[in-house]
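Novice: Please see the structure below; I have some questions.
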Amino acid sequence: MHAANLNEVLAILRTIVDDAKSRQDPLGYFPAMYRQVTVAVKKGIDDGVFDDGPRMDRLDTAFANAYFKAFDAYQAGRRASRSWQYAFDGARSNRLIILQNLLLGINAHINLDLGVVTGKTFPGAAVVDLLDGDFNRINDILGGLVPRARAVVEQYSPNLHELTAATGASPELALNFSLVVARDEAKRTATLIAAMPDAIDDIAIETIDRRTKLIGRVVAEPPEPLALIVRHIRDDESTDVRAIITALDNL
């Protein structure tokens, strides 16, 4: 799958989400939420929120294509990047709670894909103007989606408050960190990749991918007693995968 613009991105995401719903596949949680993020970004472009709408369409399309490439590889039985392989395997493991599933996808897509795609799409000095302006405006859009995403997760995960009680961090804070704060790291990655010669890009990307997978492991494999709490949360979560995907696709 490969999109040429955001309209095609939304069409491909719709296909992925609908297929996941039909198969009751938890792999559909992340793309359902991601489709809503893309809808919001496209609305921002249409409403003139960004300084350069066509540039933002180009970036967001390239960003989505990185996810599609990883998804296609996984579905075909090929190895995706370390961080995406870990996220996809986790989604189908039946051991993650909904929040972990979403955070693993967000981690791979932002901490790996976003910085790399931005740096490669806008090399050299071209990345500076983007990062100083329109890149930051996406955070405002994402911030508006976080409370709605939290409400959906809590609707299907009634014991999620136990995680907040144990860590002091709410699901909204976790989602906000992953969706918004992680973009600061993506900015640093984009600056690095944009300044690098193509010959050493692969080495840098490999290092970023390894680091991103490590972050994913912290999310998916917490130490005790957090692991016990996560298991208890999972035991009482809804198993209606279709309903959860539908709710995430209607943030």
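The values are calculated or read from the model by the stated rules, or taken from the named source; none is laboratory data. All values derive from a computational prediction rather than experimental measurement. As a convention, Cβ positions derive from the backbone with ideal geometry for all residues, glycine included, and neighbour counts pool all protein chains shown.
Novice: Taking interchain pairs and intrachain pairs at least six residues apart, which have beta carbon atoms under 6 angstrom, with the first residue in the range 156-169 and closer than 21 Å to Ile245 by Cβ and the second at pLDDT 80 or above and exposed (fewer than 14 other Cβ atoms within 10 Å of the Cβ)?
Specialist: Tyr156/Ser238; Pro158/Asp236; Asn159/Asp236
Novice: Among the residues of the range 34-49, what is the count of those that are crowded, with 21+ Cβ neighbours inside 10 Å and closer than 20 Å to Asp132 by Cα?
Specialist: Residues flagged as crowded, with 21+ Cβ neighbours inside 10 Å and closer than 20 Å to Asp132 by Cα within the range 34-49 amount to 1.
Novice: Next question, about the same structure. Can you list residue pairs whose Cβ atoms sit under 8 Å apart, with the first residue in the range 230-245 being within 16 Å of Arg23 (Cα to Cα) and the second being assigned to a helix (DSSP H, G or I) and modelled with pLDDT under 95? Count only pairs 6 or more apart in sequence or on different chains.
Specialist: Short answer, once both residue conditions are applied: Ile244/Val152.
Novice: Identify the single condition in (1) closer than 27 Å to Thr15 by Cα; (2) in contact with a Lys or Arg (Cβ under 8 Å, 6 or more places away or on another chain); (3) in a helix (DSSP H, G or I) that Leu251 does not satisfy, given that it satisfies every other one.
Specialist: Only one criterion in (1) closer than 27 Å to Thr15 by Cα; (2) in contact with a Lys or Arg (Cβ under 8 Å, 6 or more places away or on another chain); (3) in a helix (DSSP H, G or I) is unmet by Leu251, namely (3).
Novice: For Asp209, which of the numbered conditions (1) at pLDDT below 90; (2) among the charged types (D, E, K, R); (3) under 15 Å from the mean Cα position of the chain (by Cα) fails to hold?
Specialist: Tallying (1) at pLDDT below 90; (2) among the charged types (D, E, K, R); (3) under 15 Å from the mean Cα position of the chain (by Cα), Asp209 fails exactly one: (1).
Novice: Determine whether Val127 is free of Cβ contacts under 8 Å to residues at least 60 places away in the same chain and buried (at least 18 other Cβ atoms within 10 Å of the Cβ). Can you show your working first?
Specialist: Numbers: free of Cβ contacts under 8 Å to residues at least 60 places away in the same chain: no; buried (at least 18 other Cβ atoms within 10 Å of the Cβ): yes.
No, not satisfied.
Novice: Taking only pairs six or more apart or across chains, which ones have beta-carbon atoms under 7 Å, a first residue in the range 3-32 that is at positive phi, and a second residue that is of a type in the set (Lys, Arg) and surrounded by fewer than 22 Cβ atoms within 10 Å (Cβ to Cβ)?
Specialist: Sorted first by the residue in the range 3-32, then by its partner, the pairs are Gln24/Arg242.
Novice: Just checking, does the range 176-185 include any residue being out of contact with any strand residue (DSSP E or B) (no Cβ under 6 Å at 6 or more places or on another chain), under 25 Å from Asp19 (Cα atoms), among the aromatic types (Phe, Trp, Tyr) and part of a helix (DSSP H, G or I)?
Specialist: No, the conditions are met nowhere in the range 176-185.
So that you can scan it fast, the table gives a plain yes or no per residue for (1) within 30 Å of Lys42 (Cα to Cα); (2) among the aliphatic types (A, V, I, L, M); (3) modelled with pLDDT of 90 or more:
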{"position": "Arg137", "(1), (2), (3)": "yes, no, no"}
{"position": "Asp140", "(1), (2), (3)": "yes, no, no"}
{"position": "Val146", "(1), (2), (3)": "yes, yes, no"}
{"position": "Gly168", "(1), (2), (3)": "no, no, no"}
